[in-house]
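**Q** Take a look at the following structure, please.
Read-outs throughout are calculated quantities, based only on the coordinates presented, and are distinct from any laboratory measurement. Note that the structure is a prediction, hence the values are computed from the model and not measured. Every residue, glycine among them, receives a Cβ derived from its backbone with ideal geometry; neighbour counts consider all protein chains shown.
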Amino acid sequence: SNIPKVVILGAGYGGIMTAQRLQKDLNYNEADVTLVSKHDYHYFTTHLHMPAAGTDALENAHVPISKLIDEFKIDFVKSSVKEIRTDEKKVILEDGTLSYDYLIIAVGGETETFGVPGMHEHAMFIRSINSVRAIREHIEKQFAEYKKNPERKELLTFVVGGAGFTGIEFVGELSDRIPQLCRTHQVDPSLVKIYNVEAAPTALPGFDQELVDYAMNTLQKKGVTFKLGTAIKECKADGVLLATDEEIKSATVIWTGGVRGSKLIEEAGIENMRARVKVDEYLRAPGHDDIYIIGDNSLMINPANDRPFPPTAQMAMQQGPVAANNIVASIRKQPLKKFEFHNKGTVASLGKGQAIGVVGNKKLKGFMAAQLKKIIDIRWLFIIGGISLALRKGKFL
Ligand code: NAD
């Protein structure tokens, strides 16, 4: 048939928003839409620090895709993307091939290790439901192991590499989780060490200083030791080597040192910077009017400071509907809409009942900020799954 084929790669914040908008806006038989994802569930990346530390159940961090899209209108394909062939307008999957007229790349980013040796081999990453399950089980196992080998203090030492928002949110949860684990395994809490190692001279580089100080204070009181201005230069099987040549012996290294774009982008030969693509104002890849790139793989410059916008869920959520709108407009030969980012603010949790945030020109900290963080998470559930999903997965006060 000559019905245009639209293929969406990825079912994260950007992909789900695009799919939902397309299913709403397209008329019957106006396009064939296929959504591809390697998992048959969507997961809440902004919530992963909790199940990673074990302070919330994994079930609260994901939802089946079948509950989010109308499978009469969108074909869902559970598969892993191996290659994007832009010249042939084809996507190669692990078990098949899809051709497209319009492609939306929303596969999310990957962990950036900056080439630090040993990181891929020995550290764990907060990236997916599976990686987070592994982290939680690993942490629990260290306590059990310590009971059998009480001379091995490194089993109770936890190193978090990077004090960006991911690292900060994770140490907040981990410090809440430790007392529970100590009780369960009858371990003296004073033996447990949590190090958050950051290369920059400050935690949360670039964020409001007063809120950074508040966050560090809160976390230090909960037992976190910060090592600032200290890069990790190697990760080993038995800990980390710092730029100062000091070693921290640890059986657990969680790396939260940064994100980059996907290898798929680099391999597709699309012009990129660290696998991120500087998209045009309509969210298209340069030189490819049929390819939209949203989320962590897109790169847009903030006109206010001439720096790239950070890759966030909020950005992907806003880009999805515009990409969908522009594909529908292209099919209908109507003018495209320009994307404009509306910053709704940043809120980061510091563990139970504590958070920091900036919304507009207002600074928030403590309990109010923590409530706001919950509202933001529940709002996402509501947007994609309506009140029933919000009630089922949302944790109300
Ligand atoms: P990030 O890039 O923001 O932070 C990584 C940190 O690791 C940086 O501070 C960097 O200096 C440090 N680092 C890099 N190499 C290091 C080394 N060798 N040794 C020690 N430290 C090193 O990454 P992130 O925290 O994963 O965040 C990714 C994106 O997601 C960001 O845009 C962030 O704003 C966003 N995010 C937002 C929230 C929120 O709003 N609540 C939560 C998590 C992530």
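**Q** Taking R0 as 35 Å, what FRET efficiency do you get between Glu266 and Gln186 from their Cβ-Cβ distance, rounded to the nearest 0.05?
**A** Computed FRET efficiency for Glu266 and Gln186: 0.10.
**Q** From the P(r) of segment 270-397, can you give the percent of Cα pairs sitting at distances over 18 Å?
**A** Of all Cα-Cα distances in segment 270-397, 63 percent exceed 18 Å.
**Q** Using a Cα-Cα cut-off of under 20 Å, which aspartates and glutamates could be cross-linked to Lys89, ignoring same-chain neighbours fewer than 8 residues away?
**A** Cα-Cα hits under 20 Å: Glu30, Asp32, Asp75, Asp101, Glu266, Glu267, Glu271, Asp280, Asp289, Asp290.
**Q** Between Gln209 and Leu228, what is the spin-label point distance in nm, taking each point 7 Å from the Cα along the Cα→C-beta axis?
**A** 1.0
**Q** A further question follows. Just want the ordering: Ile139, Ile301, Ile383, from fewest to most Cβ atoms lying within 10 Å of their own Cβ.
**A** Ile301, Ile383, Ile139
**Q** Let me ask something else. Remind me, relative contact order of the chain in percent, using alpha carbon pairs under 8 angstrom and six or more residues apart?
**A** Relative CO of the chain lands at 18 percent.
**Q** Kindly provide log₁₀ I(q)/I(0) values, in the same order as q = 0.09, 0.15, 0.20 Å⁻¹, from the Debye equation applied to equal alpha-carbon scatterers of segment 119-252.
**A** Taking Cα atoms of segment 119-252 as identical point scatterers yields -0.25, -0.73, -1.28.
**Q** List His39, His120, His62 from most exposed to least, where exposure is judged by having the fewest other Cβ atoms within 10 Å.
**A** Listing His39, His120, His62 from fewest to most nearby Cβ atoms yields His120, His39, His62.
**Q** How far is helix 209-221 tilted, in degrees, relative to the longest principal axis of the Cα atoms in the chain, given as a value from 0 to 90 rounded to the nearest 10?
**A** Rounded to the nearest ten degrees, it is 50.
**Q** Let me ask you something else. Report the Cα centroid-to-centroid distance between segment 297-375 and segment 117-178 in angstrom, as an integer.
**A** Taking the Cα centre of segment 117-178 as reference, the centre of segment 297-375 is 29 Å away.
**Q** Oh, and also: May I ask you to derive the relative contact order of segment 119-252, considering only C-alpha pairs under 8 Å and at least 6 residues apart, and to give it as an integer percent? Present the calculation step by step, with values, prior to reporting the outcome.
**A** Working: 195 pairs, mean separation 37.4, N = 134.
Taking the mean separation of contacting Cα pairs over the length of segment 119-252, I get 28 percent.
**Q** Right, here's the next one. In segment 200-324, if every C-alpha pair distance is counted and binned at 10 Å from zero, what percent goes to each bin?
**A** Per 10 Å bin, starting at zero, the Cα-Cα P(r) for segment 200-324 comes out as 11, 29, 27, 23, 10, 0 percent.
**Q** For the Cα atoms of the chain, what angle does the longest principal axis make with the long axis of helix 13-25, in degrees from 0 to 90, nearest 10?
**A** Long axis of 13-25 versus the principal axis of the chain: about 30 degrees.
**Q** Return the distance in nm (one decimal) between the two label points of a simple spin-label model at Glu140 and Asp306, each offset 7 Å from Cα along Cα→Cβ.
**A** In this crude label model, Glu140 to Asp306 measures out at 5.2 nm.
**Q** Something else: Could you work out [θ]222 nm for the chain from helices alone, using -39500 (n - 2.57) per DSSP H run of at least four and dividing by all its residues? Round to the nearest 500 deg cm²/dmol.
**A** Values: 9 runs with 128 residues, N = 397.
So the calculated ellipticity at 222 nm is -10500 deg cm²/dmol.
**Q** Could you compute the FRET efficiency for Asn2 and Phe341, with r as their C-beta to C-beta distance and R0 at 30 Å, rounded to 0.05?
**A** 0.25
**Q** Same structure, new question: Among Phe114, Phe158, Phe341, which comes first, second and so on when ranked by fewest other beta-carbon atoms within 10 Å?
**A** Ordered from fewest to most neighbouring Cβ atoms within 10 Å, Phe114, Phe158, Phe341 come out as Phe114, Phe341, Phe158.
**Q** Give the lysines reachable from Lys153 as a straight Cα distance under 24 Å; neighbours fewer than 8 places away on the same chain don't count.
**A** Lys141, Lys193, Lys221, Lys222, Lys227, Lys233, Lys236, Lys249
**Q** Can I ask one more? Taking amide hydrogens as modeled 1.01 Å from N in the peptide plane, which residues meet the under 5 Å criterion relative to Gly239, leaving out close sequence neighbours?
**A** Long-range HN contacts for Gly239: Ser250.
**Q** Moving on. Name the shape class, rounded, prolate or oblate, that the alpha-carbon gyration tensor gives for segment 199-243, where a ≥ b ≥ c are the square roots of its eigenvalues, rounded holds for a/c under 1.5, and otherwise prolate holds if a/b is larger than b/c and oblate otherwise.
**A** Because a/c hits 1.5 or more and a/b fails to exceed b/c, segment 199-243 counts as oblate.
**Q** Enumerate the whole-percent occupancy of each 10 Å bin, from 0 to the last occupied one, for all C-alpha pair distances of the chain.
**A** Percent of pairs per bin, in order: 5, 22, 31, 25, 13, 4, 1, 0.
**Q** Hey, another quick one. Under 19 Å between alpha carbons, and skipping anything fewer than 8 positions from Lys362 in its own chain: which aspartates and glutamates qualify?
**A** In chain and number order, the partners are Asp208, Glu210, Asp213.
**Q** Could you tell me how many degrees, from 0 to 90 and to the nearest 10, lie between the Cα long axis of helix 367-393 and the main elongation axis, the longest principal axis, of the Cα atoms of the chain?
**A** Approximately 40 degrees, to the nearest ten.
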